[in-house]
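To keep things clear, I will list the structure first and then write my remarks on it.
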Amino acid sequence: MAHGAGGKASRKLVEGLFIPLLAPQPSQLLGDAAQVQINGAPLAITTDSFVVKPLRFPGGSIGELAVNGTMNDLAVSGARGEALTVTFVLEEGLPTELLEAEVRAMAAAADRAGVAVVAGDTKVVEHGKADKMYITTTGIGEPLPGVKIDARSVRPGDKVILSGPIGDHGITILLARGDLDFEADLRSDTRCVLALVEAMAKEAAPGIRWMRDPTRGGVATSLNELARDCGLSIHVLEQELPVRDEVRGACELLGLDPLHIANEGQFLAVVAPEYADAALNALTLAEGGEDARIIGDVREQPAGAVLVITGYGASRIVDMLVGDPLPRIC
Amino acid sequence: MRFVDEFRDPEIITKAAAEVHRLVDPGRHYRFMEVCGGHTHAIYRFGLKDLLPENIELIHGPGCPVCVLPMGRIDDGLSLCQDSNVIFTAFGDMMRVPGTHGSPLEHKARGADVRIVYSPSDALNLARANPDRHVMFFAIGFETTAPSTALTLLRARVEGIKNFSVFCNHVTIIPAIRAILDSPDMRLDAFIGPGHVSTVIGCRPYEWICRNENKPIVVSGFEPLDMLQSIVMILRQLNAGEAKVENQYKRVVPWEGNRAALRAMAEVFQLRPYFEWRGLGFISQSALRIRDEFAEWDAEQRFQVPGVRVTDPRAAQCGEVLKGVLKPHQCKLFGRECTPEHPIGALMVSTEGSCAAYHSYEHRKQLLTNIQTAA
Amino acid sequence: MCLAIPGKIIELVAGNPNLGTVDVVGVRRKVDLGLLKDEMPKPGDWVLIHVGFAMSKISEEDAQEQMRTLAMLGEADQAMQEVRGYGMDDADGHEKPN
């Protein structure tokens, strides 16, 4: 189960099984989307499956996630999603209204994101062999002009930018499941971040070195992957991390770290220091980017690790998550 | 957050840390044990070691209920979830703790009905909602948690809810502290006392530590300023040649504890003659069992429990780490065979376990320090 | 060993004398107040919450006193130790004022 949670186990599965068998000579580092050339034309392509319980939750639903998630994977790879394909795996007996609601949600999300859904497929499996509905989307996109994403280009002194408050999606889902009996006025942050990425790229494209959308496993996992890929250290200033009160409250109650909680509408960017202000300004002026911050920078040491610096100058290492975040009492 | 944020104020933290530096005798090496795993976690999470002088060594104590639970108890509890009519419930903390045949989460992956609960009362609610199933709550915890289990059992009895039982692993902190102090290779100067346990038992039960062992103990809160203030209070006692119980966490801990909670515990539980602790062995009168009047709700009395005893892998030195004799990274398995992904001992599972905390928060920082010192 | 967090009681649950709704910066949950039955908390009181149970009533007075003590740390070295409420006088003054 831990293999899907986006942390260490997921990475082991990819690196230990999928890459050796499917792509023995990978041409690029693991990213959110792959770059391919077709008749000399560069394209970005990615695919993602969506399983979420409950299907609908405050602020969104599985259909919306399926569009935004794939668009975001393309966006943080420096590409504008142009077309999506969609596959539904449905459990027999699923009420048609549920399916229709999700198709409508997808249509609306695609419309907002400015992407066309161009092909689709549906499979129905026996009752009990799937949990209501799974959606897979594949997206292709065109590279944004002048944007080149490569963890190996990250240098000490680069700034780390975060687009907005963290943990909203993960905590919303945790509470929406109802097992914990907690209530809060929280909504998933699911959205397509392409417009924000474009706004930033317009002002700072040559300075953008790396981007990632910190979904499952949260900001800590994305930054740990970066630290490992670039062989440097990421220093995060705890006081600069935007976290909503309700997310903090839930995390304190449940013993969780907001850095490990999933997001569906945020992205991280590493930007060369001389472009950092321009990038941040562009983001904060764009709609939905008001809460963007520079949350830290890249240093040499401790190589391969993420260090969180407290407001009083102490520090701790923040690792990737092992499995899903579980509430704890001690 | 009220009562939280003010105790994380960076400016005052800096001042409190300076006060610690002012009070230490540079020629002396101090060894303070934080009894409670919550403090261990706080020390790493807040990076408190960065603020303390090098000659103050913090020794992690036995107060992590998940860590001290022997594997046999986990096996016994999990044996009950083989019955498809049983819903096995436990706190999230337990879910990755390895039993002989895997953790509760791995049992769930194989089809057992294993669920995380936030509260024992949620387990009871689950029993109300599933009258045809049996809901078993795998209870862990020290005196902070035991009253909640007790009250839940009292409510189950009042309402006559029969499809609910508790597999009781509640333990008591004082015998564990005694066992640590009795261990021959242990040298400690003072204790940072467990704040939340003390909301229930109060401060009096620690008086023997001062009287018999001549060591100060300061009952402490869990925010950075609480812990720094407690260390200041300990240093002041040591400098004045005193050894007494002090309560730093007055805003939460009444000196006499919580009598209603103690009554609920006494009504439902009695002391076991002895109980096995991982790493510490059998300690007499160190755990709670459910009284016979509540036998119907006691999973151990109601079901056949195999009574498994499993010895820890010989190479694993959980006991020495638990007693504070070894630092986590001094264990032969640390970071090699035993990691948070593949834990061998529970100390590597719980975020309060000193090994897991050390591995996630400190290990690489330490490596960095070594690199810098070498260079 | 036990994660416990301060929360404010915002209301008592109608029809169940043991339950109160607490708020932790916008997160709400019903908690069992039964362990505080000797001195039942009221709406507006702050309690320490552990596994869905209120364990202890938080004393604002003691919290403020602690903050005052902390703010004075190092500023008046020896005089400090005379200050009441620091805990130095626990042995005879442990009964809480409330």
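Remarks
- Estimated vicinal HN-Hα couplings, Hz - region B:259-275 in sequence order (Karplus 6.51, -1.76, 1.60; Gly, Pro = x): 5, 5, 5, 5, 5, 4, 4, 5, 5, 9, 10, 9, 6, 6, x, 7, 8
- Of the residues B:Y118, B:Y44, the one with the fewest other Cβ atoms within 10 Å heads the list, and the complete ranking is B:Y118, B:Y44.
- Label-point separation, B:R259 to B:H21 (7 Å along Cα→Cβ), nm: 4.7 nm
- Short-range pairs are left out: with C-alpha atoms under 8 Å and at least six residues apart, the relative contact order of chain A is 23 percent.
- Nearest-0.05 FRET efficiency for A:R104 and B:D83, computed from C-beta distance (R0 41 Å): 0.40
- For region A:33-45, 3J(HN,Hα) computed residue by residue from phi via the Karplus equation (6.51, -1.76, 1.60; θ = phi - 60°) reads 8, 9, 9, 10, 10, 10, 6, x, 8, x, 9, 10, 9 Hz, glycine and proline entered as x.
- Filtered trypsin sites (Lys or Arg not before Pro), region A:111-143: DSSP coil and at most 11 other beta carbons within 10 Å: A:K129
- Counting charges near A:R152 (Lys, Arg +1; Asp, Glu -1) among other residues having Cβ under 14 Å from its Cβ returns a value of 0.
- Remark on chain B: B:C36, B:C81, B:C168, B:C203, B:C210, B:C318, B:C331, B:C338, B:C355 stand apart, with no other cysteine beta carbon under 4.7 Å.
- Each of A:D150 and A:L21 was given a label point 7 Å from its Cα along the Cα-to-Cβ line. The distance between the two points is 3.1 nm.
- Number of partner chain Cβ atoms within 10 Å, mean per residue of C:16-26: 4
- Spin-label pair A:R299-B:L154: with each label point 7 Å from Cα along the Cα-Cβ axis, the two points sit 5.2 nm from one another.
- Here the Karplus relation 6.51 cos²θ - 1.76 cosθ + 1.60, evaluated at θ = phi - 60°, turns the backbone of region A:66-83 into coupling constants of 5, 6, 5, x, 6, 4, 5, 4, 5, 4, 6, 8, x, 9, 9, x, 10, 8 Hz, with x for every Gly and Pro.
- On the beta carbon distance between B:N130 and A:V125, with R0 = 22 Å, the FRET formula returns roughly 0.25.
- Average beta carbon contacts from partner chains per residue of A:304-310, 10 Å cutoff: 4
- With R₀ fixed at 56 Å, the C-beta to C-beta distance from B:A315 to A:R112 puts the FRET efficiency at about 0.50.
- Highest-first packing order for the peptide set A:298-304, A:171-177, B:343-349 is B:343-349, A:171-177, A:298-304, based on the mean count of other beta carbon atoms within 10 Å.
- The relative contact order of region A:151-318, computed from alpha carbon pairs under 8 Å that lie at least 6 residues apart in sequence, is 42 percent.
Bear in mind that the values in this text are calculations on the coordinates, not laboratory data. Keep in mind it's a predicted model, so treat the numbers as computed, not measured. Positions of Cβ are backbone-derived with ideal geometry, glycine not excepted, and every protein chain shown enters the neighbour counts.
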